[in-house]
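Worksheet: one structure, shown below.
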Amino acid sequence: MLRIITFALLIALAGSAAAQVTGALTPRDPRLNNPKLKELVVVTGEIVRIGDLVDNAGANANIAVFRSPDLGSTGGVPLARVIEALTPYKIAALDTGGISEVVVTRLSRAITGKEIEARIARALAGQYGFGDAKNLSVTFDRDIRTIHVERTVTDELQVARLNFDQGTGRFNIALELLDSAATRRLPLRFSGTAVETVEATVLARAFNRGEVIKASDVALERRPKAETAGEFIGTEAAIGFAVKRSLRAGVVLRPSDLMKAEVIQRNESVTIAYEVPGVFLTVRGKALEAGAVGDVVGVLNIQSNRTVQATVTGPGRVRIAAANLVPATTAASPPEPSNTTRQKPE
């Protein structure tokens, strides 16, 4: 965005220049349009000439009368000051068009902080243990403002000097832009830190142990590679799992943080299913430990007051095999159900 500044008359560049032109103008050709003052003027150089200010300026077009605003800036000159600057050159029948000031904009090439950041990342990529530039995060010691250079300069930023400390990740770099007088007056020197990043799955909210992750609970963010410790789990892969311990929002999620969601809690009432060919029995029981689907947990048969090992099959349901009906200290028959269902296979 162009900056608005106060634009003052530098000089009328009278003296020798005015002496060369005064009285030397040829009569205006009535077949041509009258000279007309422009309200909006755009320039690229350091000097504003009469031809920039006036349409149909004729032989006066190349005479310099003002210094341009700063690169990338816009300034206004009151009409009275413009007329004062043009008077020595006897521009006949100048049409001012009823304007009160002339607004002058000096075009520039804008070099943004993002452009500088990307150039530094490219300079570091493939060196010092870094990978691709797209995975590097560059942080500056101070805010980087947009830098305006001459519009005619098209060269790319070049690295003049680069120092990097792998231990701390700190860099000092000097960039240059060939053929730009602006950057020679204001050198492009920057310092800061650079780290390699990866896409990581992070928690969008805080979690307590055992809570199950939903799609809205996770997001992908770029984080320093060191934070992931080489472990990675995708957002889709995390959905439906529970966390092993309490985790705060924003933490990088690792495979070691997850466990299968527990569908049975300790001391919860469960239905124990016993199935052998030709027989299917169910009986009430109590889980002695929590478990997820597929886990083998201890279950108390309330009818017989015996403990068996059972496989969790779903919320409130476990299944035991014939081999698991024998407690460690005494042999046992299949449980004597209080509400028994017998089912013969068809």
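The values are calculated or read from the model by the stated rules, or taken from the named source; none is laboratory data. Computed from a predicted structure; not experimentally measured. When we count neighbours, we look across all protein chains shown, and the Cβ atoms used for this are built from the backbone with ideal geometry, even at glycine.
If you go through segment 32-54 one residue at a time, do you hit one that is modelled with pLDDT under 50, of a type outside the set (Asp, Glu) and in the same structural domain as PRO69 (by TED's automatic domain parsing)? Looking through segment 32-54, none of the residues is modelled with pLDDT under 50, of a type outside the set (Asp, Glu) and in the same structural domain as PRO69 (by TED's automatic domain parsing). Selection of first residues in segment 244-271 that are free of Cβ contacts under 8 Å to residues at least 60 places away in the same chain and closer than 19 Å to PRO315 by Cβ and of second residues that are part of a loop (DSSP other than H, G, I, E, B) and of a type in the set (Lys, Arg), restricted to Cβ pairs under 9 Å at least 6 apart or on distinct chains, gives the following pairs, ordered by first then second residue: MET259/LYS244. Quick one: what pairs do we get from segment 176-190, first residue within 17 Å of THR154 (Cβ to Cβ), second in a helix (DSSP H, G or I), C-beta under 7 Å, 6+ apart or different chains? Pairs found: GLU176/THR183; LEU177/THR183. If you go through segment 83-138 and keep only what is closer than 30 Å to SER180 by Cβ and part of a strand (DSSP E or B), you end up with VAL102, VAL103, VAL104, THR105, ARG106, SER108, ARG109, ALA110, ILE111, LEU136, SER137, VAL138.
GLU231 meets the stated requirement of being among the acidic types (Asp, Glu), in contact with a helix residue (DSSP H, G or I) (Cβ under 9 Å, 6 or more places away or on another chain) and modelled with pLDDT under 90. Put simply, of ILE99, ILE147, ILE173 the only residue that is assigned by TED's automatic domain parsing to the domain that holds ASN56 and either more than 24 Å from LYS225 (Cα to Cα) or surrounded by 15 or more Cβ atoms within 10 Å (Cβ to Cβ) (or both) is ILE99. If the condition is being closer than 23 Å to GLY45 by Cβ, outside any loop (DSSP other than H, G, I, E, B) and of a type in the set (Val, Ile, Thr), then segment 145-169 contributes ILE147, VAL149.
Residue count for segment 112-131, restricted to those that are at pLDDT 95 or above and either buried (at least 17 other Cβ atoms within 10 Å of the Cβ) or over 32 Å from the mean Cα position of the chain (by Cα) (or both): 8. Suppose the filter is among the hydrophobic types (A, V, I, L, M, F, W, C), outside the structural domain of GLY58 (by TED's automatic domain parsing) and surrounded by 16 or more Cβ atoms within 10 Å (Cβ to Cβ); does ILE91 pass it? When the stated conditions are applied, ILE91 does not pass them.
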